[in-house]
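A short worksheet on the structure shown next.
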Amino acid sequence: MRRNHSTTPRTPRILGSLLLLAAAGVFTLTAAPTAQAAAPTELDRVVPAPASVAPGGLPYRITWATGVHVDDSAEVRRIGSYLTGILRPSTGYPLPITTGQGAGGMGGIQLHLTQGDFGAEGYRLHSDPAGVTITASAPAGLFHGVQTLRQLLPPAVEKKTTQPGPWQIAGGTVEDRPRYSYRGAMLDVSRHFFTVAQVERYIDELAMYKINELHLHLSDDQGWRIAIDSWPRLATYGGSTEVGGGKGGYYTKDQYRQIVSYAASRYLEVVPEIDMPGHTNAALASYAQLNCDGVAPPLYTGTQVGFSSLCVPKDVTYTFADDVIRELAALTPGRYLHVGGDEAHSTSHADYVTFMDRVQPIVAKYGKTVIGWHQLTGAHPAKGALAQYWGLDSTSATEKAQVAQAAQNGTGLILSPADRVYLDMKYTSTTGLGTKWAGYVEVQRSYDWNPGSYLPGAPSSAIRGVEAPLWSETLKTSANIEYMAFPRLPGAAELGWSPAATHNWNTYKVRLAAQSPRWDALGITYYRSPQVPWPKN
């Protein structure tokens, strides 16, 4: 929101000019530093770690005279508006947005698209006393560069009221692009329902760390969370409860579109999941004909898994799947549709294979690429399908070999090992939230693994990326989400974004610790792990 400048004390025009000259290195103010003055954040303190950092030279200082110069492009202007929406409340500066590259615009921040070897999401950030320039080949790269710029400013920049500054950005150059194209986070809205506003808050938190995929777990035994016109009771009845017997809820199609649009504005793609053939009690309770015996079970509010299954031999099952996938695909501009496929313990192996063989072509028919949990590799993964591996270090060698063989045969892998990046796992035995079936997952364990070599036998070329799932059996509020996600989520983001050579726990934990004042400024609840050298309050 733009500030009402009539209530903001203005820096006198002459002093503003002196500050601008000082920022440009033309004039040096000799006044003693204020108590709030601090060195700018070093370029190598960013999370995720950039691919290349070349520090050097004097910093740039944002002042009252600073402008934001953008290309004559609606999308680049929108990124400029996003940036000024962060900077204006805390700095109190007007930060006008102007079109063009800002030639001669001393003291400016430039966002510029250009031909270059940046890829779809890479960027270059250069800072010197004359200004800061972020260049990229695509808007997503500019947006990721803006996230880096945020971290190079003091944490107080995140606050919604005017702060004293100064607002300096260290001198030097960052050249950056992601290691993996898929860097995801999953939010389970089925066990407990979360509102559009709560999902949007999480999207903003994911975007800070360059996450680009939001996997929404929209259906499970405890609740169905998306309106389907051809099967309306899925939402109105199947979505009427949640774990523990709360009122549940569901997204109307317009609300789902709002989430998709908001995510896109932060350069996240929504990956919707309808879990099948198991984890389907909410659907089975809504429509008796989906059950083999024609009898609808009661709604379920517990936390057990593996007891439900669609009726694989019935034709109506595939009418149901086609209708749901068709309507959901029409709402989702992204590339993927997740069909679940895990913990189908009540489905025979033969039925499971039959079901997946029939459902995967439906996904393709409506223009989407199939993602399934890694049990999909026990069937016949479709050409181009991705398997999401959630096994543990202790998972059997046979199961790991099955996934690795599928990867060797061309199935891409998303890595989500439960004892590493399931964000709902308790940190320690004293953690009040979460579960522990995969073990306790402290911050170092969550970070200290290499996706490229994690799964024996799987070629590194098969790894599409990393996703950090957050299951919600014990989570009810945004504060609950944040406590389990932070500080582990930034580590998962770094595993997906940063070159393997940068992964080092001893240096990462220092960079991670430096994030906490920013979380404080944003009101993010987080776990103060004793493994991290947090700054003293």
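Out of region 56-66, which residues are outside any loop (DSSP other than H, G, I, E, B) and over 10 Å from residue 128 (Cα atoms)?
Answer for region 56-66, where residues must be outside any loop (DSSP other than H, G, I, E, B) and over 10 Å from residue 128 (Cα atoms): just 62.
With the requirement that a residue be touching a strand residue (DSSP E or B) at 6+ places or on another chain (Cβ under 8 Å) and on the phi > 0 side of the Ramachandran plot, what does region 257-296 give you?
279
So, in region 438-464, of the ones that are of a type in the set (Phe, Trp, Tyr) and not in a helix (DSSP H, G or I), which residue ends up nearest to the chain's Cα centre (by Cα)?
Residue satisfying both the conditions and the ranking: 449.
Let me spell it out: the conditions are (1) in a strand (DSSP E or B); (2) basic (Lys, Arg); (3) farther than 30 Å from residue 225 by Cβ, and residue 183 meets all of them except one. Which number is the exception?
Looking at each condition in turn, residue 183 falls short on (3).
Is one or more of the residues making up region 308-322 open to solvent by 50 Å² or more (accessible area, probe 1.4 Å) and on the phi > 0 side of the Ramachandran plot?
No; the residues of region 308-322 include none that is open to solvent by 50 Å² or more (accessible area, probe 1.4 Å) and on the phi > 0 side of the Ramachandran plot.
Please determine, by comparing only the residues of region 348-391 that are over 24 Å from residue 469 (Cα atoms) and touching a residue at least 60 places away in the same chain (Cβ under 8 Å), which one is least open to solvent (accessible area, probe 1.4 Å).
355
If a residue must be hydrophobic (A, V, I, L, M, F, W, C) and closer than 17 Å to residue 69 by Cα, how many such residues does region 141-168 contain?
4
Inspect region 347-370 for any residue being of a type in the set (Phe, Trp, Tyr), within 28 Å of residue 304 (Cβ to Cβ) and in a helix (DSSP H, G or I) and give the result as yes or no.
yes
May I ask you to verify whether residue 467 is surrounded by 20 or more Cβ atoms within 10 Å (Cβ to Cβ), assigned to a strand (DSSP E or B) and of a type in the set (D, E, K, R)?
Judged against the criteria, residue 467 is a match.
Before we move on, is residue 376 in a helix (DSSP H, G or I), at pLDDT 95 or above and not charged (D, E, K, R)?
Judged against the criteria, residue 376 is a match.
Inside region 249-337, counting only helices (runs of 4 or more DSSP H) that do not spill past its ends, which hold 2 or more residues that are among the basic types (Lys, Arg)?
253-265
What number of residues in region 232-242 are open to solvent by 20 Å² or more (accessible area, probe 1.4 Å) and of a type outside the set (D, E, K, R)?
4
The values are calculated or read from the model by the stated rules, or taken from the named source; none is laboratory data. Here the structure is a predicted model, which means the values were calculated and not measured. Here Cβ is always computed from backbone atoms with ideal geometry, including for glycine, and neighbour counts include all displayed protein chains. Note: areas computed on protein heavy atoms with side chains; ligands, DNA, RNA excluded. Shrake-Rupley method; radii C 1.70, N 1.55, O 1.52, S 1.80 Å.
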